[in-house]
Structures are given as C-alpha cells and as structure tokens.
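First the structure, in the form of structure tokens, and then the observations on it.
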Amino acid sequence: MSKYQKLKRGLCAAALLLALPAQANVVTANQDIALSFTQPPRLSEAVLTVTQAQQRSLDDIYWPAAGLYQQQSEKARQIADLQPVRHQIAVNTSKAKQQWQALYNTLTQLSVAERVAGSINPDTTRITPDINPILNGSWHLQLPKRPTTVTVLGAVNQPGDYPWNERQAARDYIQQAKTETFGVSQVWVISPIGDRTQHPVAYWNNQHRDILPGSVIYLPLPTKAIKGQPISPNQHVLTYLQNRFIE
C-alpha cells in the first residue's frame, strides 16, 4: 500500500471518529475502520462486524498476530513513552549512541497501545464466554494478514526486516543481520502473539526453536545508568514491542 493510500485511509477513519458521539462504544480496526455500536458489543461481535465492513474472510486474518488494544489507558500512555530510549541516546557515545538512535527511529514508526492478552478469533471466543468480553467504550482491533518477515533489532550491525523461512531459528536471523555473537548466549524473541521468550544462540547451547512470521528478535543494547530512571531501557523496549500493532 502506498503512503498516499495509508494517509487517505487514516484520514477517513479519523473523520469518522470525529463524527461519532464522545461517549459512543467505538471500535477502530487497522487503519481504515471506525464503527460505533449503540450497545457495547461482545468481542466476537466486534470482530465479525469489522471483517464484514472490510469485506474480508476470517481465513484472511493471521490470528496469532490479531489483537485487542486499549489506546486511551494510562498503561498505553506509559508503553508509548520512549523517554528511556531518548535518555540512552543522550548519554551514550559512538556505536552505542548510533544503535540507540537507529532503534528509536524504528520504534517511532510503529503504533502501540495496551494489548489485551488472549485470542480474538471468533471461532474460539464465541464458544468461550470467559474470553469474549463486553467492549465498553473505545477499543482497537488489529487484524493483519500473515506477515512474511522477521524483524531483527538492537545490538546488530544491520537491523531490519528479513524474509521469514520455515525452520530458521533466531541464530539464523541474527547471522543475516551481520551480528557479532561472541559472548551472546541468548536473544529475546517477541512473537506476534505478544509474548516474549529467550532463545539460545551460542554454539554451546544452540537448539532449534521455530519462530513465527511477524516476530521480532531483539538483542539488548548496552546501557548507562541514569539517576531516577525507574525501568531498564531494554525492558521498556521489550514491552513496547510486545504491544505493537502488526500491520
């Protein structure tokens, strides 16, 4: 999709939101849908209504990456605040500074909010009331197609997106990113589901673990302590990536 098309769809959604009552039960989705419900919908109803509005089949959606988000919560605001990363850009020098800056540039291109854990596939939620909540207020649904890449970020020489290949492990992807792995025994993998796990990558502990398309592999960057900083910058980056929208 071109930048013009994305902008046009985003403006259409924004215009629709402006026309909705302030207290409406509003569900937005991807970049082109904003729907108002007179009564708070169940999650399954919201997903089905959105896919019908988008003229999409449920089979068109990559459910591991599909998510329900709160955009206006205090937690969403905290997640989106990249101040810990900006601090590291300010206090580091040389290569570390460049890597933090490159990471910041990438993160600012992503959309994030507070992701609600769990599947939103209506085939599951419709028959399981405990995971089919009533959506009062404003919510966002992200309903992506199946991704085709894996993203490598952090302490790597060539951060970016790499083609996803079945049976490739974290070690394979970080080698493509021209990463010096001496002294690195594990890396973080943030799956499109929104969870994060450490994968072994050293020669002595290497074991294959499949990686889903749409995952992010993150090698933590060196940090400098800053007085009064309540959270590790690398931990903040991991949380940010767990709550990203997958396009």
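For the chain, lysine pairs separated by 8 or more sequence positions, or belonging to different chains, with Cα-Cα distances below 16 Å total 4. Computed per residue of the chain from DSSP H runs no shorter than four, each worth -39500 (n - 2.57), the mean residue ellipticity at 222 nm is -9500 deg cm²/dmol.
Residues in the range 211-221 carry Karplus couplings, in order, of 10, 6, x, x, 6, 10, 9, 10, 9, x, 8 Hz; the curve used is 6.51 cos²θ - 1.76 cosθ + 1.60 with θ = phi - 60°, and Gly or Pro positions show x. Between the amide H of residue 215 and those of 151, distances stay under 5 Å, these residues lying 5 or more places away or on another chain, with hydrogens modeled in the peptide plane.
Taking amide hydrogens as placed 1.01 Å from N in the peptide plane, the amide H of residue 35 sits under 5 Å from those of 27, 28, each at least 5 positions away in sequence or on another chain.
Each peptide in 85-95, 137-147 was scored by the mean count of other Cβ atoms within 10 Å over its residues; highest first, the order is 137-147, 85-95. Among beta bridges from DSSP that stay inside the chain, the antiparallel ones total about 75%. Neighbour counts of other Cβ atoms within 10 Å put 203, 62, 173, 69 in the fewest-to-most order 203, 62, 69, 173. Normalised by the number of residues in the chain, the average gap of Cα pairs under 8 Å and 6 or more apart makes the relative contact order 23 percent. Shown in residue order for the range 153-164 are the 3J(HN,Hα) couplings computed by the Karplus curve 6.51 cos²θ - 1.76 cosθ + 1.60 at θ = phi - 60°: 9, x, 7, 10, 7, 10, x, x, 8, 10, x, 6 Hz (x for Gly and Pro). With a simple spin-label model that places each label point 7 Å from the Cα along the Cα-to-Cβ direction, the separation between residue 247 and residue 229 comes to 2.9 nm.
For the range 132-170, backbone nitrogen atoms closer than 19 Å to the point 7 Å from residue 182 Cα along Cα-to-C-beta are found at 155-158.
Taking the chain as a Gaussian network of alpha-carbon nodes connected by springs under 10 Å, the highest mean-square fluctuation of the residues 55, 158, 31 belongs to 55. Within the listed set 48, 219, 153, the Gaussian network model of the chain (springs between alpha-carbon atoms below 10 Å) gives the highest mean-square fluctuation for 48.
Ordered by the number of other Cβ atoms lying within 10 Å of each residue's own Cβ, fewest first, 45, 166, 180 fall into the sequence 166, 180, 45.
Throughout, read-outs are computed from the coordinates displayed, never taken from laboratory work. Since this is a predicted model, take the numbers as computed values, not measurements. Don't worry about glycine lacking a Cβ; one is built from the backbone with ideal geometry, like all the others, and counts go over all protein chains shown.
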